[in-house]
2 protein chains.
Amino acid sequence: MPGTRKLPTREELRIWRDFLETGEALRNVLAARLQADTGLSPGDYAVLLALSEAEGNQVRSSELAALVGWERSRLSHHLGRMERRGLITREECATDSRGAVVVQAPAGAEAFQAATVPHLRAIRELFVDALTPAQITAAGEIAAALRQRLRD
Amino acid sequence: MPGTRKLPTREELRIWRDFLETGEALRNVLAARLQADTGLSPGDYAVLLALSEAEGNQVRSSELAALVGWERSRLSHHLGRMERRGLITREECATDSRGAVVVQAPAGAEAFQAATVPHLRAIRELFVDALTPAQITAAGEIAAALRQRLRD
DNA sequence: CTCCAGTAATTGACGTGTCAACTATGAAGC
DNA sequence: GCTTCATAGTTGACACGTCAATTACTGGAG
């Protein structure tokens with residue numbers, strides 16, 4: 001028949017928008033709390049987390065980009081901002097003169113230490129504790145299904 | 001006991017990150033398709049959608065901000081960019097000299113028309129069709145639960 | 001050794017988003 | 001009328017992100 005449905009129904013669209021907007025609101029609240037508690041942005045947190053887990057709290061720039069899942073350009077811009085604020089430093093790489101090694105500065109380590117517990121608590125409060133165990137499982141399965149579809 | 005868990009488990013944290021990153025990836029793909037198909041950003045689409053649904057395809061600026069759920073400042077910046085590209089125009093308001101009326105320009109109407117079906121198809125393909133009906137329902141309930149928790 | 005394709009990282013231009021400050025008008029109370 | 005406060009909207013400064021171009025070095029083919 002003409003007009004065979006390839007488009008979402010009104011209800012499906014409502015759920016999509018709800019899903020989208022709720023995710024955005026949640027990210028915004030978590031970001032605001034992190035900022036208020038420690039002055040870090042989610043990007044700062046991701047970088048400092050990766051550095052904290054690394055040997056000697058330092059990583060080659062490209063590797064860091066892979067760890068946080070960013071393009072190198074994005075990382076470079078972000079590191080510039082973090083360096084200005086004294087959260088990290090960039091040093092030359094001994095084994096490859098093109099390369100840069102990103103090092104956690106003392107202020108960065110300190111800020112990360114201060115951030116981690118409140119941030120995890122906030123995730124627990126606003127995500128984990130907001131859902132039933134079944135919903136948490138379902139959220140994981142939904143994410144997996146969506147990610148699977150994106151790989152096409 | 002000391003250390004009674006207030007923090008998410010490893011598994012809960014994994015699901016949270018998956019949920020977060022998958023949402024981001026999905027938004028990025030939808031935005032890229034919209035851009036490729038019609039040159040519109042998601043913001044452009046939201047504005048043009050609201051205008052399309054309005055009487056005479058025009059809305060007072062503040063009302064538009066409420067419709068799309070943005071701060072007025074954000075809307076103002078975005079309208080400036082859209083105006084430069086000929087998607088909308090801004091005109092004086094007859095009943096309030098402070099006010100501005102945002103009007104859909106011909107190019108805006110055309111771009112929105114061209115965008116809507118492909119965009120809805122993409123939502124169906126990447127969201128609706130990627131999930132089972134039960135998962136769609138669950139996604140709606142998860143969004144509702146998270147939103148409820150945010151209202152505190 | 002020399003050339004050159006590939007890699008590491010940065011840069012500049014620009015779109016996007018927030019916050020705080022500002023302009024200008026409306027509206028209420030006196 | 002006039003002061004005062006609220007409202008409409010814009011602006012500037014800056015954080016964040018993408019893309020394309022650029023710089024500088026590496027490493028292999030000849």
Placing the label point 7 Å from Cα along the Cα-to-Cβ direction, what are the distances from B:Arg27 to the equivalent spots in the other copies, shortest first, in nm to one decimal?
0.3
In debye to the nearest 20, how big a dipole does region B:20-115 give about its Cα centre with +1 on each Lys and Arg Cβ and -1 on each Asp and Glu Cβ?
260
May I ask you to report, in nm to one decimal and beginning with the shortest, the distances from A:Arg81 to the same position in the other copies, taking label points 7 Å along Cα-to-Cβ?
1.5
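Report, as an integer, the average count of C-beta atoms from other chains found within 10 Å of each Cβ along A:19-32.
Details: counts 10, 8, 3, 12, 10, 3, 6, 9, 3, 1, 2, 2, 0, 0.
The per-residue average across the peptide is 5.
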Put +1 on the Cβ of every Lys and Arg and -1 on every Asp and Glu Cβ in region A:73-112; which of A:Leu75, A:Pro106, A:Thr89 then has its Cα farthest towards the positive end of the dipole?
A:Leu75
Less than 11 Å Cβ to Cβ from B:Gly69, Lys/Arg counted +1 and Asp/Glu -1: what total charge do the surrounding residues give?
-1
Region B:20-115 - Kirkwood radius from inverse mean 1/r over Cα pairs (Å):
13.8
Taking the protein assembly as shown, the whole-percent share of alpha-carbon pairs separated by over 29 angstrom is 49
Considering only the label points, 7 Å along Cα→Cβ from Cα, what distances in nm to one decimal separate A:Thr95 from the same position in each other copy, shortest first?
7.1
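Provide A:Glu24, B:Glu141 in ascending order of the number of other Cβ atoms located within 10 Å of each residue's Cβ, fewest first.
Placing the least packed residue first, the sequence is A:Glu24, B:Glu141.
FYI, it's all coordinate maths here, none of it is from the lab. Since this is a predicted model, take the numbers as computed values, not measurements. Please note: Cβ atoms are built from the backbone with ideal geometry, for glycine as well, and neighbour counts cover all protein chains shown.
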